[in-house]
1. Towards the positive end of the charge dipole of the chain, with charges on Cβ (+1 Lys, Arg; -1 Asp, Glu), say which of A162, A412, H29 has the farthest Cα.
2. For the pair L84/E537, report the inter-label distance in nm, with labels modelled 7 Å from Cα in the Cβ direction.
3. Under the 0.36 nm per residue contour assumption, what length would be gained going from the current alpha-carbon distance of A558 and N399 to full extension?
4. Quick one: order L571, L604, L416, L548 by neighbouring beta-carbon count within 10 Å, fewest to most.
5. Over the Cα atoms of the chain, how large are the radius of gyration and the largest Cα-Cα distance (Dmax), in Å?
6. Treating only the Cβ of Lys, Arg, Asp and Glu as charged (+1, +1, -1, -1), what charge dipole size does the chain show about its Cα centre? Round to the nearest 20 debye.
7. Setting aside same-chain residues fewer than 8 positions from K313, which lysines have a Cα under 24 Å from its Cα?
8. Hey, which aspartates and glutamates would be in cross-link range of K290, C-alpha to C-alpha under 19 Å, not counting anything within fewer than 8 residues on its own chain?
Amino acid sequence: MSAIPATPAATDPSARAAIHYCVAPADLHAHLFAVTLSVAAPQAAQEFALPVWIPGSYLVREFSKNLQRLQAQQGDVPVPLTQLDKHRWRAACRSGAPLTLRYEVCAYDPSVRAAWLDAARGFFNGTSLCLRVVGQEAAAHTLEVQRAAAPPDWCLATALTAVQVDAAGFGLYRAADYDELVDSPVEMGNFWSGAFTACGVPHRFVVSGAAPSFDGERLLADTQKICAAAIRLWHGEAAPPHAHYLFMLHAMHDGYGGLEHRHSTALVCKRRELPRRSDPLAAPADQATKPGEDYTRLLGLISHEYFHTWNVKRLRPAEFARYDYDRENYTELLWFFEGFTSYYDDLLLRRAGLIDDAAYLKRLTQAIHQVTQAPGRHVQSVAQASFDAWVKYYRPDENTPNATVSYYTKGALVALCLDLTLRREGCSTLDAVLRALWQRCAGGPMREDDLRAVLAELGGRSFAPELDAWVHGTDELPLAELLAAHGVRMQAEAPQIAQRLGLRINENHSVQIKTVLRHGAAERAGMAAGDEWLGVEVAGQGWRLTRLDELPLLAGAARELTALVARDGRLLRLPLVLPEPGGAGAPADTFRLSVADGAALGRLLDAPPL
Ligand SMILES: [Zn+2]
């Protein structure tokens, strides 16, 4: 085994903390970061561990699978290491003498949850690169990022506190403790960078991977409006809890997602979702005012992750008061932290003037359909869905729509129903509830009882019946009734053919069945996920089926036909009874929202008075 070369010291050693990491983008083409961890005062037999998950993404990801060539030494003497399990090691070291660990991390995960390194860009979360010095988590940590193999035009961005850095941002940073270190991802590359101030708070926005048409000024202006709307919601005219904030966005051909941190967020989007400086294909008026659907999706993501600055990074489940990086951290409250955040991400776009009422209702309709078109809403409550995120939400399969409900979308509808109920009874609004909850919990850990207490105080009565039914039960939410009281009509609509049959499909030259929904016609016929639906027999004649919307054409008035499907190398003939249009028994419900009273809707969507 060859030794990993020691990284040269570039910063003043006296500025380093007792726990000091030196990270070097060592080999861009091999996607390798070289890490040196110096522990000034190790315990005898000091243990080290790499997190198995990253807060905000509730799945055990076992980042240690990318860690390799781990070595330890005290002075010039090698120190034996014993691996204790998949992510923990013990060094046979003496106490009192500095201990150095060296290792490599392969970084080739394009998501926001791990690490990436290639010739174009570097990115990492501390949960992927920084071994935890067990027992010394509360001590100050320093992180030095060296330029190493990085091209000369690369810059560095992170929300960590700079101690000694060059003009490009490489150098030494400080974190108060291990939690802050791993809550502060680092972006490196030849990225676009801009800045703005919202309610007195400086914000920086860096974008990598953008196409030449990217309109950075537009992105800054629109993001500033979102940030201002969020700060005003939580604090009115008072100062927010963060003194600075960093957006790190990577645009790629295909990808979407974000991860929230206390002073920053890492985002990925499709390149086409970025705003464009000039688009000869768009009508000039549209370009100047309304964001297109692609860009609106990006703004929604920005709004969502920024809202988490309050809702989950500070106000957070009591179970997350201190993260346990070694195992799943269970909470029943993700319907509040992800669901309420999802309710406000769209609402703040409307309050910021970035989308109009019609666009808001369109996005609300999509959220309603995600809930009403999944039979799993009758099986699992959102509190259960929160607890089970680790094995269900983050591991979707063909049965997911039948067995689970999304704590994002149903949680957002619970927030909507609470807001509408508070407003209808004339006592309060959900905005006021959030502000009171922030005060009650001092912007820190909370329990569901805290929310119940604030609702009772501001709403003038107990909201236990609503929370028991909506959060801990599986009954339908009273959306139609509550929306009607605020100027929005919700009407049932004829579903698409796939929904009528109880199917989710892919269509690519043939009909491939992804999911068979509970209690639908397809389930009664014996169709199964993975089947390829090849054709139908109607009144003795056989027909090829290449798209599902051909079915009404082929079936005509017939209600009973035979479906020809391929499964596991066999051809099957399945008796299919088509449901009556609009008849009972379809597992998926479709609705249309329309404005009955624009003034009432406007009062709902505008920011309520403080
Ligand atoms: Zn979220």
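No value in this document is a laboratory result; all are computed from the given coordinates. A quick note: this is a predicted structure, and the numbers were derived from the prediction, not measured. Using ideal geometry, Cβ is built from the backbone for each residue, glycine included, and neighbour counts are taken over all protein chains shown.
1. Comparing the listed Cα positions along the dipole, H29 ranks first.
2. Taking the simple label geometry, L84 and E537 are separated by 6.5 nm.
3. Working: separation 159, 0.36 × 159 = 57.24 nm, distance 3.00 nm.
Here the segment from A558 to N399 would lengthen by 54.2 nm.
4. Fewest to most other Cβ atoms nearby, the residues stand as L571, L548, L604, L416.
5. For the chain, the Cα radius of gyration and maximum Cα-Cα distance read 26.9, 87 Å.
6. With only Lys, Arg, Asp and Glu charged at Cβ, the dipole is about 320 debye.
7. The reachable lysines, counting only those whose Cα sits under 24 Å from K313, are K225, K392, K410.
8. D215, E217, D222, E273, D279, D345, D346, D356, D357, D606
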